[in-house]
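Bear in mind these aren't lab numbers, they're just calculated from the coordinates by the rules spelled out. Given the structure is predicted, the values throughout are model-derived calculations rather than measurements. Here Cβ is always computed from backbone atoms with ideal geometry, including for glycine, and neighbour counts include all displayed protein chains.
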Amino acid sequence: LTEKLEKALKKITGQGKITESNISETLREIRRVLLDADVNYKVAKDFIEKVKEKSLGQEVINSVTPGQLITKIIYDELVELLGNQSSELEVNPNGLTTIMLIGLQGSGKTTFSAKLAKYLKNKKQNVLLVAADVYRPAARSQLKILGSQINVPVFSIDESNDPVTISVESLKYAKENGLNTVIIDTAGRLHVDDEMMIEAAKIKERVKPTQTLFVVDSMTGQDAVNSAKAFHEKVDFDGVVLTKMDGDSRGGCILSIRAIVDRPVKFVSLGEKLDSLELFYPDRMASRILGKGDIVSLVEKAQAQFDEKEAEDLEKKFRENKFDLDDFLKQIKMIKKMGSLKSLLGMIPGIGSQIKNADVDDKQLIVVESIIQSMTKQERANPKILNGSRRKRIARGSGNTIQDVNRLIKQFEQMQQMMKMLNKNSGKFNLPNMKN
Ligand code: GDP
Ligand code: MG
């Protein structure tokens, strides 16, 4: 009976490690969430598999359940998957930046071209919109109306039916009129067809755009993935624009698109209004796909508290002169979790610029960490017992020199001396001249 009780308690407080059994339900749930968000079946399966491998054996910290922790792990993986490439729009630094938009009809190319024009205009660029959709009668006038709303010139040759000529001419026009950014809005069909692909590829070949962006309707699920694949094979593009994210789309198609064509999302379009454009934020997208922002922040908070508690424990040990190398190791790990030493120092106002070129050596932390890890528990508690041959072994085992080991032990002994002195002052460090 007690064993059962213990098990139940474990489930509630979430102590212990992540195991197959305590996460299987959560994994199933998350897989369903991903499928609901339009993530391709196989992509979801592979993704969950990867996350499972990563999480098994992870320690579960106070006050969160394994299920919550796994959600956080999945979230982190998603952010990484979505964001390991920069989402900055590439510009041609000395000359004309040309951006070509491709995608199916109705995906939101024309709307996006105007949004992008507005966005770039606000960044002090001189923009030209190009009406290269010659098939839909209303296409040119649609772009002209949008252009006039934002005060951006629209290039069009109303008597020409050749999008390649229009595009090439537009570049000349831009150069002659001192414009530095050209956005080419091309035609699309309702479905992928060869003729459209050949035409887009031709424009691309002649214009040699700085960036080609594939515009895709996030509501179209599996279709979005298929068209991405076709455009990638026949035309290729540098980035993706996800439109209609103001609806209830969870945007999961972007995961499938990444898995299949590995191109970053550059922008997210959130409505018909011309300022409803956002740069792409991987964390927002990950929350949206999971729909579990609350759990993520909960786990983050719990982790922060956990660190705080650990810090308190360490401080107490420090005060009681019980701080040993094992505690030292814990502290190093905490520092590492917070980022590199240099970036931490860089956040302190007034220091950032001064250390830009200074040599703040994170490698030293790694050396110390590896040395301590090669020691036994007793040695960590009492480094005095380390004789010459043990020091040599530790150096070899951790891939460092014996000088490194000696230096660490010496530094630690000095630190202990300091601790003793500080603690004589009943834990308070009184600076001279500052007594009240
Ligand atoms: P194109 O055929 O690719 O040029 O697509 P359009 O730009 O003409 O857009 C097709 C339709 O989708 C239009 O009715 C737009 O108003 C609408 N649309 C475009 N982008 C968005 C968006 O981000 N959100 C919403 N709700 N509608 C959009
Ligand atoms: Mg259009």
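Some observations on this one:
- Asn387 sits among other residues whose Cβ lies under 13 Å from its own Cβ, and their net charge, with Lys and Arg +1 and Asp and Glu -1, is +4.
- Using the Cβ-Cβ distance between Ile385 and Arg189 with R0 set to 60 Å, the FRET efficiency works out to roughly 0.15.
- Under 13 Å from the Ala201 label point (7 Å along Cα→beta-carbon), backbone N, the range 227-261: 230-237
- When you count the other C-beta atoms within 10 angstrom of each residue and take the mean per peptide, 24-30, 214-220 line up highest first as 214-220, 24-30.
- Environment charge at Met219 (Cβ cut-off 11 Å; Lys +1, Arg +1, Asp -1, Glu -1): -3
- FRET efficiency, 1/(1 + (r/R0)^6) with R0 22 Å, evaluated for Lys42 and Glu233 via beta carbons: 0.70
- Put a dot 7 Å past the Cα of Leu56, heading toward its Cβ, do the same for Arg136, and the two dots end up 5.1 nm apart.
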